[in-house]
Amino acid sequence: MAQAVSQHGHDHDHSHDHGHHDPQEMKLLGFWIFLITDVILFGTLFATYVVLHKNTAGGPGGAEIFEMPGVIAETFILLTSSFTSGLAVLAMNRGNVKQLISWLIVTFVLGAAFIGLEVTEFVKLIGEGHGISASAFLSAFFTLVGTHGLHVSVGLVWMLLLIIQLSRRGITDVTRGKINVISLYWHFLDAVWIFLLSVVYLLGVM
Amino acid sequence: MLEKIKDFASDFFVTGDPLIYGADVSIGLAMIAIVVGLTYFKKWGWLWRNYLTTVDHKKIGIMYILASILMLFRGGVDAIMMRTQLAFPNLEFLHPEHYNQVFTTHGVVMILFMAMPFMFGLFNIVVPLQLGARDVAYPFLNALSFWLFFLGAMLFNLSFVIGGSPDAGWLSYPPLSELQFNPGPGQNFYIWGIQISGIGSLATGINFIVTIIKMRAPGMTFMKMPMFTWSVFATCVIIIFAFPILTVTLALLFIDRFAGAHFFTLDGGGNPMMYINLIWMWGHPEVYIVILPAFGIFSEIVSVFSRKKLFGYTSMVFAMLIIAFVSFFTWAHHFFTMGSGADVNAFFALSTMLIAIPTGVKIFNWLFTMYRGRIRFDLPMLWTIGFIPCFIIGGMTGVLLSVAPADFQYHNSYFLIAHFHQVLIGGVVFGYFAGMYYWWPKMFGFKLNETLGRWAFWFWNIGFYVCFMPQYLLGLMGMTRRISTFDWDTGWGPLNVVSTMGAYLMGVAFLFQVLQIAYSIKHREVDTTGDIWDAHTLEWSIPSPAPEYNFAVVPVVDSRDPLWVEKQRRAAGKLPKNPPKPVYAPIHMPKNSSIPIIMSTFFFIAGFGFVFLWTWMAVLGLIGVAGCMIARSFQYDTDYYIPVEEIEKTEASIRGTV
Amino acid sequence: MNKKPGSRLMMWVMIIVSVLSLALTVWALYAGSHNYFVLDPKGPIAAGQRDLIVISTILTAIVIVPVTILTFVIVWRYRDKPGRKAKYDPDFNHSTKLETIWWGIPIIVIAVLGIVTVRYTYALEPSVAIQSQKQPITIQVASMDWKWLFMYPEEGIASVNSITIPEDTPVRFELTSDAPMNSFWVPELGGQIYTMSGMAMTLYLQADHQGTFFGSGANFSGEHFAQMRFDVNAVSDEQYQTWVNKVKTESKPMSMETYQSLTVPGTADKQTFSAFPEGLFQQLVTKYLPGGLAGGKDRATHTTPSTQINEKESEEGQSDMGTNEHDGMEMNDQESTDTNTSN
């Protein structure tokens, strides 16, 4: 105990004194737990979608309004961006800032293209009178897909900030931690999209 | 123009009720008094540096508890008003509309803005100290959590004087809470007040899980953790699984109200029953979120004040984890009467009863901790002993309620009201009071006055039984919850008078506690030992109040009751009487930050904008929030080292007075 | 604990407060209602539920009472005072035998209670018909803001805030809501069930005795929720027939307009109607479906429900959207009101 053991606990002290833990490792653990909460969040939204997807209030269902070519394009773009974000991390592990930044920019552009396509899809639906207030099905659709889109958009802004920080500070312990976290986040959004694609779009048009 | 302003003002401010005007005036006066006081004593800078921008878990804990006592007062006044209205048949003390607002805010305030922050306050003060850590895992996030809670609570409370309070019950079932039946801003206050503070709660959950996993003192394995810390761990696990559901549910309700969506509306294919399912998927675990830490507190206190080790540690841990797990599979017992069929009802009845088993085991273990002990009746122990019989009865009526077919007769009646107040007051409130009395000396370095505390304890206890025992009977007489008045012919009058008297007694008890705190501040019984209760765990091994870095030297642990074991070893002469002078190393500490309070204020602004559907204001607030996040992302200089000389100086000055 | 100055005063104050409270409670028990509806059933369903309440109370009391006594004994016996003789054993913190016992006791009690509960859950399922020689009568129930509407489809009559039923005859209640959710509860006859918009629930009850029973809405539904009381009059078969005939001859019929006026939020007195629009209950259940009474596509607005209906009709009459649905609805309305009033 405190002072009593300070003698034989002494050699511990040095390794344990600096907040006694690796802050980056702790950040990553916290982020994993945050992702659990995000899984629950999306899970709840998926559940509401499944409950409501037949309640079209006399309006159109998924089969009538989903346009698969755009969705498939979105899927490929997002999957590719996940791959490029992985390449960014590899570049970071090699210590190559330039490559790291370039891959991040590629990822950013792909993500932005994804959001662009999604917004186009939404605008088109709303223009045709299939807005969020048209039926419970559409409310659930827009909220679920929109929440994913919002997550991606937040990720984009965040990525931009990190690109700026990287160009100023290079690869340090802190920036390395940040890149690890955002790449985890990006892969997570990719996984959520796969579920979205299957539950909303594929089951919707089948 | 003037007319327009007048119109706006009469919509904007709640008018037409002397009670509200009274509240307006007193809120105004209190604000002026605070501002004048701070300015006169030149305390603004001190307040800003030491509290408003602090990331020190101990100070954040104190702020949580202060806020929650304030909210206890508000929720208590609500309760007193309700009981006054119901004291006699056909009373017109409160108009039905006001009555509905009052019971809604009473429920929300007590659960979300009283119990939750009280709990978080105790988490903050105790957990890092019990772990032998210097702070929580993410001190900045911790401060942000507090300010989100606080400003969310303030936003909610604002509805009392601006715009009108929510009035659809504490869980706001649609369609009653939808635009169709509830067009005013009150419901939006409900959504955003809870939403903003809910983000804070979620963050706290993550924070403490990481703290407990990563920051335990060397040698402290999971099975050597103090029981309170275990309860915090179990609670935080429930939080991270339950709170996202609340976030989504409230968001969907708001999208319904804001964008005309059809999640829970009657028309357009909406499904109000889905809301009821979702809100209870959060709501039921929420009950265990607030009760588990109380169990942890009792476990600590029972063993310290019986001068024994805690009986059945492994059973206790196991029981708590079972409760945490099963709590996610019982939600439908809140609506057996929805007509889901016998299969569903049977499943949820059984899962609910299952929880009684580990809970029962915990009670046995507490009893056998006292068995062959030497029980001291200091205030913390007094509350613990008051808790046991109260919780036994509350637990029993809980089991009765879980019997699905019988619940058809108890549901929504005063029987139910009596039950959940018995577990929430007898369990949660008594538990947190016990915790407050127990750790108060650690927080402030002095003890709370014993005599006044006993007055408060007895008034609380007698008042509780007088208030709630009659309500069981009223339930069996057919009195339903949330009625704003009743007729003479029901014959419910006399027992309601008794119940109201009980509520007043609890009001008196609260006044005694306020008096007790004020008196104790003035006539301090200073504790110089740091270990005023002869306790078992690490937080008592350091001075009271703890220095900002908590532990000058990180302790090493080899048992469940490290301090107790050390004291025994020292008494037995196995350790030197005067420990050798410890060797210090510079301590790594987080810097204060003004971002949490500023960012939360922007959240408040955004929330206020959403309440009145002023999109410009909401957008402004959200931009502010984003700006704060960006600012934080670019901050690299977030910590500093306390040099050895300073530690030596601090330690000498604290220990010197010993 | 050592006696401090003032502790004697506190003791006396607390004793006086307790005695006064107890006296007040005794008075209240004597002066107040003696009708513990839930424990004094007047029908088979309520009787079954009462039995279950008694069984579960006894089962839990088997554990609760000894534990409470044990608590006081332990606290008293092991209190700290000078010269105490009771054993002190600070390291007594584990005993597999004891812990097995108290994992075992609640498991056994809960197992027994669980079996009982499951059996009763199926036996007392509200939508299962009550066994009886007599044919059940049907009463359709709609909770409204803030009144109860009862319709007798077999007799073609309706009433507000009061029902009359024949004794010893099962009553099949079909329940819905034309307002926020509520709950239909007649404690002397049996447990409650929610009334929800867009859904038709079934609840079987039966009165074994004649008398007037207390009924109320049990789930909060807004401002004047407290006024949502109703009476259940259980009478003999003959009296029931007399009552039906009287309502048919002496009361006015309910037209669709009368119904609309009932939907205006507010309280209502007891009323009876000699007829009601045919299929009204079904129309209420399907009100918000496409083509339903509410016009299918309405948006929630800032207006109260009653004015909302009017607005919608004028609004949708002009707009192109949903015209078909609307026409269909109107025809329905007219048909039903016509046939019924001419009845």
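The values are calculated or read from the model by the stated rules, or taken from the named source; none is laboratory data. Note that the coordinates shown come from a computational prediction; the quantities given were computed from them, not determined experimentally. Cβ: placed from backbone, ideal geometry, glycine included. Neighbour counts: every protein chain shown. All accessible areas refer to the heavy atoms of the entire protein, side chains included, with ligands and DNA or RNA removed. Shrake-Rupley method; radii C 1.70, N 1.55, O 1.52, S 1.80 Å.
Laid out as a table, the results:
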item	result
Hits in the range B:262-278 - residues which are of a type in the set (Phe, Trp, Tyr) and either assigned to a loop (DSSP other than H, G, I, E, B) or within 9 Å of chain A (Cβ to nearest Cβ) (or both)	B:Phe263, B:Phe264
Matching option when the condition is closer than 23 Å to C:Pro180 by Cβ, modelled with pLDDT of 95 or more and assigned to a helix (DSSP H, G or I), among B:Val248, B:Val232, B:Val302	B:Val248
Residue in the range B:410-424 that is within 9 Å of chain C (Cβ to nearest Cβ), open to solvent by less than 10 Å² (accessible area, probe 1.4 Å) and at positive phi present	yes
Residues of the range B:630-644 that turn out to be assigned to a strand (DSSP E or B), open to solvent by 50 Å² or more (accessible area, probe 1.4 Å) and more than 10 Å from chain A (Cβ to nearest Cβ), as a count	1
The range B:84-97: number of residues that are part of a helix (DSSP H, G or I) and surrounded by fewer than 21 Cβ atoms within 10 Å (Cβ to Cβ)	3
Qualifying residue in the range B:152-160 (condition: touching a helix residue (DSSP H, G or I) at 6+ places or on another chain (Cβ under 9 Å), at pLDDT below 95 and outside any helix (DSSP H, G or I))	yes
Where B:Leu367 falls short, out of the listed (1) at the interface with chain C (Cβ under 10 Å from one of its Cβ atoms); (2) in contact with a strand residue (DSSP E or B) (Cβ under 8 Å, 6 or more places away or on another chain)	(2)
Selection within the range B:480-501 - assigned to a helix (DSSP H, G or I), open to solvent by less than 30 Å² (accessible area, probe 1.4 Å) and either at the interface with chain C (Cβ under 7 Å from one of its Cβ atoms) or basic (Lys, Arg) (or both)	B:Thr490, B:Gly493, B:Pro494, B:Leu495, B:Val497, B:Val498
Residues that are in a helix (DSSP H, G or I) and in contact (Cβ under 8 Å) with a residue 40 or more places away in the chain, drawn from the range A:61-76	A:Gly62, A:Ala63, A:Ile65, A:Met68, A:Gly70, A:Val71, A:Ala73, A:Glu74, A:Thr75
Breaking point among (1) within 30 Å of A:Asn55 (Cα to Cα); (2) of a type in the set (Gly, Ala, Ser); (3) touching a residue at least 24 places away in the same chain (Cβ under 8 Å), for A:Gly155	(1)
Selection within the range B:16-48 - in contact with a helix residue (DSSP H, G or I) (Cβ under 8 Å, 6 or more places away or on another chain) and at pLDDT below 80	B:Asp17, B:Leu19
Where C:Gly83 falls short, out of the listed (1) within 24 Å of the chain's Cα centre (by Cα); (2) more than 8 Å from chain B (Cβ to nearest Cβ); (3) open to solvent by 50 Å² or more (accessible area, probe 1.4 Å); (4) small (Gly, Ala, Ser)	(1)
Residue check, C:Leu22 surrounded by 12 or more Cβ atoms within 10 Å (Cβ to Cβ) and either facing another protein chain (nearest Cβ under 9 Å) or out of contact with any Phe, Trp or Tyr (no Cβ under 6 Å at 6 or more places or on another chain) (or both)	yes
Single residue of the range B:378-392 satisfying the filter (touching a residue at least 24 places away in the same chain (Cβ under 8 Å) and within 7 Å of chain C (Cβ to nearest Cβ)) that is nearest to the chain's Cα centre (by Cα)	B:Ile388
Residues located in the range B:148-170, provided they are touching a His at 6+ places or on another chain (Cβ under 9 Å) and within 23 Å of B:Phe120 (Cα to Cα)	B:Trp170
Matching option when the condition is among the small types (Gly, Ala, Ser), over 29 Å from B:Gly169 (Cβ atoms) and either in contact with a Pro (Cβ under 9 Å, 6 or more places away or on another chain) or at pLDDT 95 or above (or both), among B:Gly507, B:Gly445, B:Gly478	B:Gly445
Members of the range B:266-277 that are open to solvent by less than 10 Å² (accessible area, probe 1.4 Å) and not small (Gly, Ala, Ser)	B:Asp267, B:Tyr275, B:Ile276
Candidates C:Glu257, C:Glu238, C:Glu223 - the one that is more than 12 Å from chain B (Cβ to nearest Cβ), open to solvent by 50 Å² or more (accessible area, probe 1.4 Å) and farther than 26 Å from C:Ser132 by Cα	C:Glu257
Residue identified as under 20 Å from B:Lys309 (Cα atoms) and open to solvent by 10 Å² or more (accessible area, probe 1.4 Å) among B:Val514, B:Val526, B:Val556	B:Val556
Test: residue in the range B:211-225 that is farther than 30 Å from B:Pro272 by Cα, more than 12 Å from chain A (Cβ to nearest Cβ) and not in a helix (DSSP H, G or I)	yes
Lone qualifier among B:Ser653, B:Ser593 - being more than 13 Å from chain A (Cβ to nearest Cβ), small (Gly, Ala, Ser) and under 31 Å from the mean Cα position of the chain (by Cα)	B:Ser593
Selection from the range C:96-117 of residues that are open to solvent by 40 Å² or more (accessible area, probe 1.4 Å) and within 7 Å of chain B (Cβ to nearest Cβ)	C:Leu98, C:Trp103, C:Ile107
Filtered residues of the range B:169-210 (kept if within 9 Å of another protein chain (Cβ to nearest Cβ), in contact (Cβ under 8 Å) with a residue 40 or more places away in the chain and under 28 Å from C:Val264 (Cβ atoms))	B:Gly169, B:Tyr173, B:Pro174, B:Pro175, B:Ser177, B:Glu178, B:Leu179, B:Gln180
Residue count for the range A:150-179, restricted to those that are more than 26 Å from A:Phe42 (Cα to Cα), open to solvent by 30 Å² or more (accessible area, probe 1.4 Å) and within 12 Å of chain B (Cβ to nearest Cβ)	6
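To keep it simple, each residue is scored yes or no on (1) facing another protein chain (nearest Cβ under 7 Å); (2) assigned to a loop (DSSP other than H, G, I, E, B); (3) not hydroxyl-bearing (Ser, Thr, Tyr).
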| position | (1), (2), (3) |
| --- | --- |
| C:Val65 | no, no, yes |
| C:Thr68 | yes, no, no |
| C:Phe72 | no, no, yes |
| C:Asp89 | yes, yes, yes |
| C:His94 | yes, yes, yes |
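Conditions tested, residue by residue: (1) more than 9 Å from every other protein chain (Cβ to nearest Cβ); (2) without any contact (Cβ under 8 Å) to a residue 60 or more places away in the chain; (3) farther than 21 Å from B:Leu416 by Cα.
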site	(1), (2), (3)
B:Ile289	yes, no, no
B:Met316	yes, no, yes
B:Ala324	yes, no, yes
B:Phe329	yes, yes, no
B:Thr352	yes, yes, no
